[in-house]
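Engineer: Before anything else, here's the structure in question.
Since every read-out is calculated from the coordinates, none of them should be taken as a lab result. Everything numeric here is computed off the predicted structure, so don't read it as measured data. Cβ coordinates were reconstructed from backbone atoms using ideal geometry, including for glycine residues, and neighbour counts include every protein chain displayed.
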Amino acid sequence: MSNAMPFTEADTDRIIEMAWEDRTPFEAIALQFGLAEKDVVALMRREMKASSFRMWRERMAGRATKHLARREEGMNGFKSSSQRSISGNKISKR
């Protein structure tokens, strides 16, 4: 990893979860954890079973939503269904 930052188990789990989410860009991971795309790939390769890693790489190949510059115009952020439990967000539904 480029910045050699040690991550807690919870941080590693969150990075993997963000990497699996279709609409969470690599830039969001870089902003939150300081990992470039190549570092995320290295972490995924290290932490996942080989078959799971291959499935993830195949899924991410060519996916425009994983890069902010390649997203369709008008596509803003994305809030996963588990975001409230992760962040403790108390915003009510409308």
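Engineer: For E17, E9, what's the fewest-to-most ordering of other Cβ within 10 Å of each Cβ?
Structural biologist: Working: E17 13, E9 7.
Result, fewest neighbours first: E9, E17.
Engineer: Could I ask something else about it? Which of the trypsin sites (Lys or Arg not before Pro) found in the range 11-51 are loop residues per DSSP with 16 or fewer other Cβ atoms within 10 Å of their Cβ?
Structural biologist: Values: sites: R14, R23, K38, R45, R46, K49; in loops: R23, K49.
Sites meeting the loop and neighbour criteria: R23, K49.
Engineer: Also, quick follow-up: For T8, T24, what's the fewest-to-most ordering of other Cβ within 10 Å of each Cβ?
Structural biologist: Numbers: T8 8, T24 18.
Starting with the residue having the fewest Cβ neighbours, the order is T8, T24.
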